[in-house]
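> Shown below is the structure under consideration.
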Amino acid sequence: MDILQNFIDGRYQDPIHKNYLDNIEPATGLVYGKTPNSCQDDVELAVNAAQKALPQWQAMPLEQRADILYAIAQGIESKLDELALAESVDNGKPVSLAKAVDIPRAASNFKFFAHACSQFASESHSMTGTATNYTLRQAIGIVGCISPWNLPLYLFTWKIAPALAAGNCVIAKPSEVTPKTAALLGEICQAAGLPKGVLNILHGSGASVGSAICNHKKIKAISFTGGTATGAAIATQLAPQFKKLSLELGGKNPALVFADCDFDDTVEQVFRASFANQGQICLCASRIYIERPIFEKFKQALVVKAQALIPQDPASPSSKMGAIVSKVHLDKVLSYIELAKSEGGKILVGGAQVNLAGRCANGYFLQPTIIENLPNQAQCNQQEIFGPVITLQAFDNDEEALTLANDSQYGLAATLWTNNLARAHKLSEQLNTGIVWVNCWLLRDLRTPFGGMNHSGVGREGGFEAMRFFTESKNVCIKY
Ligand code: NAD
């Protein structure tokens with residue numbers, strides 16, 4: 001039995017009260033380990049360690065700080081196979097996906113911010129002849145980073161790397177559903193020479209340790225990625241505490257497919273955008289709007305691809321679709337499929353749990369599911385399902401496509417599929433989302449702002465946006 005520990009003050013430690021949660025492998029439905037369910041007392045230990053470490057970390061020359069971050073990236077790369085397997089076992093994602101995307105991206109996050117910290121500059125404003133202003137950007141101090149289960153190490157490091165690069169000490173909590181790669185990150189940081197106490201990794205549930213991190217008075221900023229309801233609860237709690245808060249929340253992302261698109265490539269890419277990681281990426285397309293002249297043809301092409309995508313043991317190198325992350329989540333996704341039927345939706349393909357043979361007989365597998373005939377106001381078109389389920393609707397012109405796409409409380413990402421340049425620019429301006437991809441999906445430059453509008457969040461991650469979030473600005477005005 002794999003029993004995880006917290007990583008506090010540079011060493012692995014059991015949770016103070018020895019409370020644990022089961023760690024379940026979604027591909028088998030079996031408990032394979034235990035995760036600490038830490039609490040307020042563990043947070044206290046971590047905060048004390050961070051406080052001791054802070055002066056040295058903040059005083060460290062930037063080049064040395066960058067070298068350590070770079071060494072962490074290399075440590076992640078050197079453990080590619082081990083981390084990819086751990087991610088796949090914990091999350092149910094195909095090991096090939098973890099190896100090609102999740103783990104390399106976690107390394108890139110550290111490399112990127114190792115460079116970013118030496119390039120980050122602040123502003124100066126001259127009041128000609130009278131005074132000069134310059135703006136200091138100083139580390140906040142101790143910050144909290146809380147991440148979800150869908151891209152575990154990828155999103156965990158997307159927060160930790162900029163927080164450290166900006167000179168903060170970090171108390172970080174991965175999802176209790178997928179804690180394993182975060183646990184392994186501790187030893188990678190140790191080996192890379194990260195001073196003890198600079199990064200502290202606590203495991204446990206949101207209600208127990210997550211909430212204790214958010215509420216700790218010495219933790220001055222919280223960077224959170226997760227569900228919209230959780231984000232709202234945290235925002236409500238933190239409002240009277242005046243903490244800096246970054247919220248990356250849910251989505252219900254539209255894909256707008258126009259008749260002039262490059263048909264074959266668009267089918268390929270929209271399919272990937274819909275079902276990659278079993279549809280459990282906040283950026284996945286879930287509402288597919290197709291211009292009427294190509295609706296039937298495009299629909300058939302998606303259906304054929306979905307029929308061919310058979311969930312498989314994620315440990316198999318040939319697996320292209322793994323398991324849903326947990327039984328609770330599988331049941332939630334299945335309940336949306338039932339809801340879709342009751343709302344008048346027609347299931348074109350999928351819609352049912354898949355029972356595999358052998359070691360995966362009790363795993364949480366679901367067919368890729370495509371639904372049509374649902375009006376835009378149907379709950380399955382308005383609420384985030386966060387699984388391998390998409391809906392199709394036809395539209396007749398640009399205005400209608402835009403209206404349908406913007407008819408949502410969310411505003412994370414949209415994709416546009418067209419060869420009409422003017423339309424692409426115009427709609428990109430008009431879509432109420434933080435990210436628009438034109439003729440591509442998930443093409444990422446880590447310098448760009450990342451995040452959503454409305455119920456998809458507050459603030460942006462990525463590049464200098466993240467460095468700004470993890471620093472306080474202070475203006476100094478010098479009169480001549
Ligand atoms: P979740 O909100 O249930 O949990 C996210 C994290 O918050 C976990 O670590 C959890 O333990 C913790 N948490 C829960 N309650 C808490 C509380 N009261 N105080 C502090 N921490 C608490 O989300 P999830 O189910 O793990 O992840 C799926 C959601 O994340 C989806 O809605 C998805 O869209 C969203 N997501 C958003 C982005 C983005 O960048 N916008 C990226 C990935 C996932």
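The values are calculated or read from the model by the stated rules, or taken from the named source; none is laboratory data. Keep in mind that what you see is a predicted model, and the values were worked out from it rather than measured. All Cβ positions, glycine included, derive from the backbone under ideal geometry; neighbour counts span all protein chains shown. The protein model used for the area step is the full one, side chains on, heavy atoms only, and it has no ligands, DNA or RNA in it. Shrake-Rupley method; radii C 1.70, N 1.55, O 1.52, S 1.80 Å.
> Check segment 263-273 and report whether any residue there is of a type in the set (Gly, Ala, Ser) and within 16 Å of the ligand (Cβ to nearest atom). It would help to see each step written out before you state the result.
Narrowing segment 263-273 to residues of a type in the set (Gly, Ala, Ser): 273.
Cutting the leftovers down to within 16 Å of the ligand (Cβ to nearest atom) gives us 273.
Among the residues of segment 263-273, at least one is of a type in the set (Gly, Ala, Ser) and within 16 Å of the ligand (Cβ to nearest atom), which makes the answer yes.
> Would you kindly identify the strands (runs of 3 or more DSSP E) lying entirely within segment 84-170 that contain at least 2 residues that are within 15 Å of the ligand (Cβ to nearest atom) and open to solvent by less than 10 Å² (accessible area, probe 1.4 Å)?
Result: 142-146.
> Considering only residues that are more than 13 Å from Tyr154 (Cβ to Cβ) and either touching a Phe, Trp or Tyr at 6+ places or on another chain (Cβ under 6 Å) or among the aliphatic types (A, V, I, L, M) (or both), which ones fall in segment 87-110?
Matches in segment 87-110: Val89, Val95.
> Within segment 306-333, can you find the residues that are among the hydrophobic types (A, V, I, L, M, F, W, C) and assigned to a helix (DSSP H, G or I)?
Answer for segment 306-333, where residues must be among the hydrophobic types (A, V, I, L, M, F, W, C) and assigned to a helix (DSSP H, G or I): Ala306, Ala308, Val328, Leu330, Val333.
Condition check ((1) within 20 Å of the chain's Cα centre (by Cα); (2) modelled with pLDDT under 95) across all residues:
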residue	(1), (2)
Pro104	yes, no
His115	no, no
Ala121	no, yes
Pro152	yes, no
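> Run Ile281 past the list (1) within 16 Å of the ligand (Cβ to nearest atom); (2) part of a helix (DSSP H, G or I) and report the number of the one that doesn't hold.
Going through the list (1) within 16 Å of the ligand (Cβ to nearest atom); (2) part of a helix (DSSP H, G or I), Ile281 breaks only (2).
> Filter segment 428-477 for residues that are away from the ligand (no atom under 16 Å from the Cβ), under 30 Å from Thr135 (Cα atoms) and either among the polar types (S, T, N, Q) or in contact with an Asp or Glu (Cβ under 6 Å, 6 or more places away or on another chain) (or both) and give the result.
Result: Thr471, Ser473, Asn475.
> Quickly run through segment 367-380 and pick out the residues that are within 16 Å of the ligand (Cβ to nearest atom) and open to solvent by less than 40 Å² (accessible area, probe 1.4 Å).
From segment 367-380, those within 16 Å of the ligand (Cβ to nearest atom) are 379-380; that's our starting set.
Cys380 - this is the single residue of segment 367-380 that is within 16 Å of the ligand (Cβ to nearest atom) and open to solvent by less than 40 Å² (accessible area, probe 1.4 Å).
Residue by residue, here is whether (1) open to solvent by less than 60 Å² (accessible area, probe 1.4 Å); (2) away from the ligand (no atom under 16 Å from the Cβ); (3) without any contact (Cβ under 8 Å) to a residue 24 or more places away in the chain holds:
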site: Val303; (1), (2), (3): yes, yes, no
site: Leu309; (1), (2), (3): yes, yes, no
site: Ala323; (1), (2), (3): yes, no, no
site: His329; (1), (2), (3): yes, no, no
site: Arg359; (1), (2), (3): no, yes, no
site: Tyr364; (1), (2), (3): yes, no, no
site: Gln382; (1), (2), (3): yes, no, no
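> Another one. Quick one: is Ala212 out of contact with any strand residue (DSSP E or B) (no Cβ under 7 Å at 6 or more places or on another chain) and buried (at least 20 other Cβ atoms within 10 Å of the Cβ)?
Values: out of contact with any strand residue (DSSP E or B) (no Cβ under 7 Å at 6 or more places or on another chain): yes; buried (at least 20 other Cβ atoms within 10 Å of the Cβ): yes.
Spelling it out, Ala212 is indeed out of contact with any strand residue (DSSP E or B) (no Cβ under 7 Å at 6 or more places or on another chain) and buried (at least 20 other Cβ atoms within 10 Å of the Cβ).
Here's the yes/no breakdown for (1) at pLDDT below 95; (2) touching a helix residue (DSSP H, G or I) at 6+ places or on another chain (Cβ under 6 Å); (3) not in a loop (DSSP other than H, G, I, E, B):
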residue: Phe295; (1), (2), (3): no, no, yes
residue: Lys299; (1), (2), (3): no, no, yes
residue: Ser335; (1), (2), (3): no, no, yes
residue: Asn362; (1), (2), (3): no, no, no
residue: Ile370; (1), (2), (3): no, yes, yes
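> What number of residues in segment 3-35 are surrounded by 14 or more Cβ atoms within 10 Å (Cβ to Cβ), assigned to a strand (DSSP E or B) and touching a Phe, Trp or Tyr at 6+ places or on another chain (Cβ under 8 Å)?
Looking only at that region, the number is 7.
> For Lys341, are the conditions met, namely being among the charged types (D, E, K, R), open to solvent by 60 Å² or more (accessible area, probe 1.4 Å) and at pLDDT 95 or above?
Numbers: among the charged types (D, E, K, R): yes; open to solvent by 60 Å² or more (accessible area, probe 1.4 Å): yes; at pLDDT 95 or above: yes.
Yes; evaluated as a whole, the condition is true for this residue.
> So which residues in segment 384-418 are open to solvent by 10 Å² or more (accessible area, probe 1.4 Å), assigned to a loop (DSSP other than H, G, I, E, B) and of a type in the set (Gly, Ala, Ser), if there are any at all?
Hit for segment 384-418 is Ser408, nothing else.
> Sort through Lys34, Lys18 and tell me the only one that's among the basic types (Lys, Arg) and on the phi > 0 side of the Ramachandran plot.
Details: Lys34 fails: on the phi > 0 side of the Ramachandran plot.
Criteria check complete, one pass: Lys18.
> Quick check: anything in segment 446-453 open to solvent by 70 Å² or more (accessible area, probe 1.4 Å) and in a helix (DSSP H, G or I)?
no
> Could you grab me the full set of residues in segment 215-233 that are in contact with a Ser or Thr (Cβ under 8 Å, 6 or more places away or on another chain) and either aliphatic (A, V, I, L, M) or open to solvent by 60 Å² or more (accessible area, probe 1.4 Å) (or both)? Working first, answer last.
If we filter segment 215-233 for residues that are in contact with a Ser or Thr (Cβ under 8 Å, 6 or more places away or on another chain), which is where we start, we get 221-226, 228.
Result: Ala221, Ile222.
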